[in-house]
Amino acid sequence: MSYTLTEIVARFGGHIEGDASTVVSQVATLEKAAIRQIAFLSNSKYRKQLESTHASAVIVAKSDAAATSLPRIVCSNPYSYFAKLSAFLNPLPLSKPGIHASAVIGEGAKISPDVQIGEFVSIGDGVSIGSGSVIMAGCSVGTNTTIGVNTRLYPRVVVYHDCIVGNNVIIHSGAVIGADGFGIAMEEGAWLKIPQIGRAIIGNDVEIGANTTIDRGALDDTVIEDGVKLDNQIQVAHNVRIGAHTAIAGCVGIAGSATIGRYCRIGGSAGILGHLSIADEVEISAFTLIGKSIREKGVYSGIYPFSEKDSWLKNAVHLRHLDDMAARIKQLEKELESLKGRD
Amino acid sequence: MSYTLTEIVARFGGHIEGDASTVVSQVATLEKAAIRQIAFLSNSKYRKQLESTHASAVIVAKSDAAATSLPRIVCSNPYSYFAKLSAFLNPLPLSKPGIHASAVIGEGAKISPDVQIGEFVSIGDGVSIGSGSVIMAGCSVGTNTTIGVNTRLYPRVVVYHDCIVGNNVIIHSGAVIGADGFGIAMEEGAWLKIPQIGRAIIGNDVEIGANTTIDRGALDDTVIEDGVKLDNQIQVAHNVRIGAHTAIAGCVGIAGSATIGRYCRIGGSAGILGHLSIADEVEISAFTLIGKSIREKGVYSGIYPFSEKDSWLKNAVHLRHLDDMAARIKQLEKELESLKGRD
Amino acid sequence: MSYTLTEIVARFGGHIEGDASTVVSQVATLEKAAIRQIAFLSNSKYRKQLESTHASAVIVAKSDAAATSLPRIVCSNPYSYFAKLSAFLNPLPLSKPGIHASAVIGEGAKISPDVQIGEFVSIGDGVSIGSGSVIMAGCSVGTNTTIGVNTRLYPRVVVYHDCIVGNNVIIHSGAVIGADGFGIAMEEGAWLKIPQIGRAIIGNDVEIGANTTIDRGALDDTVIEDGVKLDNQIQVAHNVRIGAHTAIAGCVGIAGSATIGRYCRIGGSAGILGHLSIADEVEISAFTLIGKSIREKGVYSGIYPFSEKDSWLKNAVHLRHLDDMAARIKQLEKELESLKGRD
């Protein structure tokens, strides 16, 4: 399937400069693009790549439109334009409605007739799955869980019992939704388990990465609001709430009962302690531990800078004596003041 | 199923203040509790919530008993009381003894007749599974592994060959027990694999969270002692030993041959380097790397504090010059001393 | 199966000191070795264990050969010698060629006749699997993916569509290869998904640990070169390239488009930000975030040292005032200089 720039602009907007009959069939990076491929420039920093690209056409912002003589689509947001064009050129394989003969479907399950259920899938009693959803091989959906419409579970996803997964959700392989939160109480030298009777509730348009875990609530629910995007290997503990449209990079850990606002962006391997509250539009750097609530939007960091090991060793040893250093500076200031007075 | 406070106290102890005939059927938080629900107060900090709760009854410590006029159970440890009451009100679904027709059972496997084995389960040759255990859909248990009594494997757990899992163990979905440890030796420019011929041994009353990994030993065994509680996405490397009743939060990494004591508590995303030894009753803060052995019980931390990014940048730049700062303070002290002497 | 030292040396080289007819059947640690077991000493630091070991023989370097009177094999690299001997004494179970009756094989799949495919395995359309490979229970291999020869997928591995896995690769349970990278573009208050149309390409002789995730590329490919060794729970984002023979410990996160050199060694829970380049032979300490490119080989660290919590608190508070401390030292130096001038 290939399209002229004219056809693309008719569908997605923007305007064309150069040969509007140029035909493209795939998206690519400026660096690797070949003939019949369309690349994009979303960051003027890479403008130089426009000169050497072998793309047949490019998507650029107005401010970069004059920087190339290639046929180009000029638009306000080249990156989202590219996202939409790529989705159009690379549709997901058509779903194959029907339930594989090997799948095990529980009693009272309500599965829309156009749902695709793959081989070795376990669907518990009372589960409901909405129209157009695809449950791929080896997934397990626990009793009484509800899955919305047009949702896709990649192979080997597990959703425990009594959870809710919304519409247009994508969950990647190995993710586990609704496992017990980590609730224990010490009594007489041993831990008692606190039953985890809340649910995990996943909103609409959420994407959950491979091997990410979202625990069910202890008493109340764990809630992932609409439009949240979670990368791989994220751990979301019980009773966390993640606000709509927040995006979280890989390996982040969020402890129990933390509340994260809307439109936050959290960098990889960051951590958020329990029972905290993070405002809307907060950006947290990678590798940063948030140990108290954040009330104002902004960018927050706490990263120990790396250096060559010898240099790190030489400097880091003083971290255990910072309080002493601060006291000595104060003392020096006092003594110097007194010396100056004596003159 | 609902119970009067009288019935509850008869079973779990404590004493009642207020209407002993009050009936409850479920536990809840003070904040969300509704009629016929019983809430608890384990931290006097939240005592204010007693005033606004809609719970029918509450569980409180003696010191908080006068802070509410609600029907209440007064006991010494409201949190563990609540844990036991919740477990009583929320029993696990009854197991359904029997082996699903789709399960594959190896030769010589000894499976107690009341074990429940779900669909798509693989049980290797020579496996032994004790009475009352439940192996849920899609689990894989390797050859010659032994699983004790009343143990539950949630869907898609993998236990490799020759491992031992104790009694009353809970393992959540996606956990992998007994995979090869990371053992490699460099020879002539390439890594040779060191066969991992030890086992992973899991004691009794252990809980293992979703997507946690516990590697088998290289030569000797990896050992998780009785009563250990592990949250999600923890990595336990080969030949680690974790002492009884230690609790570890999510995303912690423990490197090879580390030995951790009994009754330790380790915060989320902490790390422990290899070949270290941690004493009993050590508490390690979240996000802290333990790089040498800890001989004394106590609380240990090493967290870089976060701040607004601009402030962090301005301050962090000096970390690479701390040694120079320390030298300059020393020099200032010396010169000041010499100036004072001259007066 | 047991062997004399003579037989072992005939196969693996080295020379014997002491009784060459000594028979051994298994490897062990110096500490735990029993009769008919052979131990090794690769680090002279543990030379004392030679005195107390119950091993029947030991593998030592020339420099340690005189430190024991036990029958011994003397060689240049005792650790790699041990690795090879252990692999010889502990061969993997013989594969059982054939496809389990329950496995689902897609149309046009080309599976070499001596491949072993276990129960509940899903093989997509157009998949190719080379001679001698073993695909264990419950694995899922997506359409058009190619797997080389003598490769082993442990139970419940998922490889998405259109990926390439090389020869002699080992992938442990729960690993997910080729899931979508984390690509999103903001438009009008919501995230658009960027289709991930690149592949994940795994070279030869790679080992991938349990629950490790390697995302497919966004447009170009994610590439793991030959001989790379990855421990458990590592996250490799889209378009990362890891150079040949690099070894990475557990829980490391590597962000998108990072390029890592050959023969690097990366410690546990380290992180590498996106779009960086790391030279060959770089060693990165555990728990260190690499936030800019590294051009020179060497060892790099950035770890906040732990201490008792009270001490940590007292010292860490000054980290938010380092810039002020630096300014005050400068001011003190200036004033002192001026005082000295006045004398």
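The values are calculated or read from the model by the stated rules, or taken from the named source; none is laboratory data. The structure displayed is predicted, hence computed values, not measured ones. Heads up, the Cβs are rebuilt from the backbone with ideal geometry, glycines too, and the neighbour counts pull from every protein chain shown. Remember, those area values only see protein heavy atoms, side chains included, never the ligands or the DNA or RNA. Shrake-Rupley method; radii C 1.70, N 1.55, O 1.52, S 1.80 Å.
Just read off the accessible area of A:TRP312 with the full protein assembly in place, 1.4 Å probe, to the nearest 10 Å².
30
Leaving ligands and nucleic acids out of the surface, order B:MET325, B:MET186, A:MET1 by accessible area at 1.4 Å, largest first.
Numbers: B:MET325 5, B:MET186 55, A:MET1 180 Å².
Descending order: A:MET1, B:MET186, B:MET325.
Compute accessible area for the stretch C:306-325 by itself and then with all protein chains, 1.4 Å probe, and report residues whose area falls by 50 Å² or more.
Listed in order, they are C:PHE306, C:LYS309, C:TRP312, C:ASN315, C:HIS318, C:LEU319, C:ARG320, C:LEU322, C:ASP323, C:MET325.
Remind me, relative contact order of the stretch B:17-119 in percent, using alpha carbon pairs under 8 angstrom and six or more residues apart? Mind showing how you got there, number by number?
Numbers: 168 pairs, mean separation 22.0, N = 103.
Dividing the mean separation by the residue count of the stretch B:17-119 yields 21 percent.
Counting Lys +1, Arg +1, Asp -1, Glu -1, what net charge surrounds A:GLU283 among other residues with beta carbon under 14 Å of its beta carbon?
Once all neighbours under 14 Å are counted, the net charge is -1.
Sorted by accessible area (1.4 Å probe), largest first, how do C:HIS275, A:HIS318, B:HIS100 line up?
On the way: C:HIS275 135, A:HIS318 30, B:HIS100 65 Å².
Largest to smallest exposure gives the sequence C:HIS275, B:HIS100, A:HIS318.
Rounded, prolate or oblate: which fits the protein assembly as shown, taking a ≥ b ≥ c as square roots of the Cα gyration tensor eigenvalues, rounded meaning a/c under 1.5, else prolate when a/b beats b/c? Don't skip to the answer; put the middle values down first.
On the way: a/c = 1.10, a/b = 1.09, b/c = 1.00.
Judged from the Cα gyration tensor, the protein assembly as shown comes out rounded (a/c under 1.5).
Copy-to-copy spacing for C:ALA327, label 7 Å out on the Cα-to-C-beta vector, in nm, shortest first?
2.5, 2.5
Taking B:LYS297 as the anchor, which lysines have their alpha carbon closer than 18 Å to its alpha carbon, excluding any fewer than eight residues away along the same chain?
C:LYS309
Carbon and sulfur atoms: what percent of the 1.4 Å accessible area of the stretch A:66-213 do they account for?
Values: 2700 of 4920 Å².
Carbon plus sulfur share of accessible area: 55 percent.
Does chain A come out rounded, prolate or oblate, given a ≥ b ≥ c as the square roots of the eigenvalues of its C-alpha gyration tensor, rounded meaning a/c under 1.5 and, failing that, prolate meaning a/b above b/c? Mind dumping the intermediate values first?
Numbers: a/c = 2.80, a/b = 1.14, b/c = 2.45.
In terms of gyration-tensor shape, oblate.
List the accessible area buried at the contact between C and B, summed over both sides and calculated with a 1.4 Å probe, in Å² to the nearest 100. Working shown, then result.
On the way: alone 19200 and 19190 Å², together 32400 Å².
Chain pair C/B: roughly 6000 Å² of buried accessible area.
Roughly how far apart, in whole Å, are the Cα centres of the stretch C:278-295 and the stretch B:204-277?
Going from one Cα centre to the other spans 27 Å.
Would you work out if the stretch C:184-319 is rounded, prolate or oblate? Take a ≥ b ≥ c from the square roots of the eigenvalues of the alpha-carbon gyration tensor; rounded if a/c is under 1.5, else prolate when a/b is larger than b/c, oblate otherwise.
Working: a/c = 2.05, a/b = 1.31, b/c = 1.57.
Oblate.
For C:PHE12, what accessible area in Å² do you get when you roll a 1.4 Å probe over the heavy atoms of the protein chains, rounding to the nearest 10?
Only protein atoms counted, so the area is about 50 Å².
Taking the solvent-accessible surface of protein heavy atoms with a 1.4 Å probe, what is the per residue accessible area of the protein assembly as shown in Å²?
Numbers: 39980 Å² over 1029 residues.
Accessible area per residue: 39 Å².
Between B:MET186 and B:LYS330, what is the label-to-label distance in nm when each label sits 7 Å out along the Cα-to-Cβ direction?
Simple spin-label model gives 3.4 nm for this pair.
If amide hydrogens are placed 1.01 Å from N in the peptide plane, which non-local residues have theirs closer than 5 Å to the one on B:SER277?
B:THR259, B:SER293, B:ILE294
In chain A, which helices (entire DSSP H runs) extend 15 Å or more along their own long axis, judged by Cα positions, while averaging at least 0.0 on the Kyte-Doolittle scale? Walk me through the numbers before you get to the answer.
Details: long enough: A:78-89 (16 Å, 0.59); A:322-342 (30 Å, -0.84).
In chain A, the long hydrophobic H runs are A:78-89.
Go ahead and run the numbers for FRET between A:LEU339 and A:ASP310, Cβ-Cβ distance against an R0 of 45 Å, rounding to 0.05. Could the numbers behind the result be given before it?
Values: r = 38 Å, r/R0 = 0.83.
Efficiency for this residue pair is about 0.75.
Report the antiparallel proportion of the DSSP beta bridges in the protein assembly as shown as a percent, rounded to a multiple of 5. Numbers along the way, then the final one.
Working: 33 of 228 bridges.
Within the protein assembly as shown, antiparallel bridges account for around 15 percent of the total.
Between B:LEU92, B:LEU276, B:LEU219, find the one with the highest GNM mean-square fluctuation for chain B; connect C-alpha pairs within less than 10 Å.
B:LEU92
Express in whole angstrom the spacing between the alpha-carbon centres of the stretch C:1-67 and the stretch B:32-98.
Centre-to-centre distance over Cα atoms comes out at 62 Å.
At 222 nm, what value in deg cm²/dmol follows for chain A if DSSP H runs of at least 4 each add -39500 (n - 2.57) and the sum is divided by all its residues, to the nearest 500?
Details: 5 runs with 53 residues, N = 343.
Using -39500 (n - 2.57) per qualifying helix, the result is -4500 deg cm²/dmol.
Taking every DSSP beta bridge with both residues inside chain B, roughly what % is antiparallel (nearest 5)?
If we restrict to bridges inside chain B, about 10 percent are antiparallel.
With a 1.4 Å probe and every protein chain kept in, tell me what percent of the accessible surface of the stretch B:22-63 is carbon plus sulfur. Show your work: numbers first, answer last.
Numbers: 1130 of 2290 Å².
Carbon plus sulfur share of accessible area: 49 percent.
By a straight-distance test (C-alpha under 20 Å), which aspartates and glutamates pair with B:LYS330 as possible cross-link partners, with residues fewer than eight away in the same chain excluded?
Straight-line reach from B:LYS330, under 20 Å: A:ASP323, A:ASP324, A:GLU333, A:GLU335, A:GLU337, C:ASP323, C:ASP324, C:GLU333, C:GLU335, C:GLU337.
How many percent of all Cα-Cα pairs in the stretch C:5-140 sit more than 23 Å apart? List each step's numbers first, then the result.
Working: 4421 of 9180 pairs.
Roughly 48 percent, once rounded to a whole number.
Quick one: if the Förster radius is 60 Å, what FRET efficiency do A:SER95 and A:ALA67 give, using the C-beta to C-beta distance and rounding to 0.05? Before the final figure, lay out each step's value.
Numbers: r = 42 Å, r/R0 = 0.70.
In this case the efficiency is close to 0.90.
Which whole-number percent is the relative contact order of the stretch C:208-267 (Cα, under 8 Å, 6+ apart)? Please report the intermediate quantities before stating the final value.
Numbers: 163 pairs, mean separation 18.6, N = 60.
With pairs under 8 Å counted, the relative contact order is 31 percent.
Over 20 Å between Cα atoms, which of A:LYS193/B:LYS84; B:LYS292/C:LYS45; B:LYS334/C:LYS340; B:LYS229/C:LYS32 qualify? Present the calculation step by step, with values, prior to reporting the outcome.
On the way: A:LYS193/B:LYS84 8 Å; B:LYS292/C:LYS45 17 Å; B:LYS334/C:LYS340 13 Å; B:LYS229/C:LYS32 28 Å.
With Cα atoms farther than 20 Å apart: B:LYS229/C:LYS32.
Please find the FRET efficiency linking C:LYS297 to C:PHE88, where r is the Cβ-Cβ separation and R0 is fixed at 30 Å, and quote it to the nearest 0.05.
On the way: r = 34 Å, r/R0 = 1.13.
Once rounded, the FRET efficiency stands at 0.30.
One decimal, nm, shortest first: give the distances between the label point of C:ARG11 and those of the same position in the other copies, each label point 7 Å from Cα along Cα→Cβ.
With the label placed 7 Å along Cα→Cβ, C:ARG11 yields 6.1, 6.2 nm.
Using a 1.4 angstrom probe on the protein heavy atoms only, line up A:ARG295, C:ARG11 by accessible area, largest first.
Working: A:ARG295 175, C:ARG11 145 Å².
Highest to lowest solvent-accessible surface, that is A:ARG295, C:ARG11.
Considering Cα pairs under 8 angstrom that are at least six residues apart, work out the relative contact order of chain C and quote it in whole percent.
Rounded, it is 6 percent for chain C.
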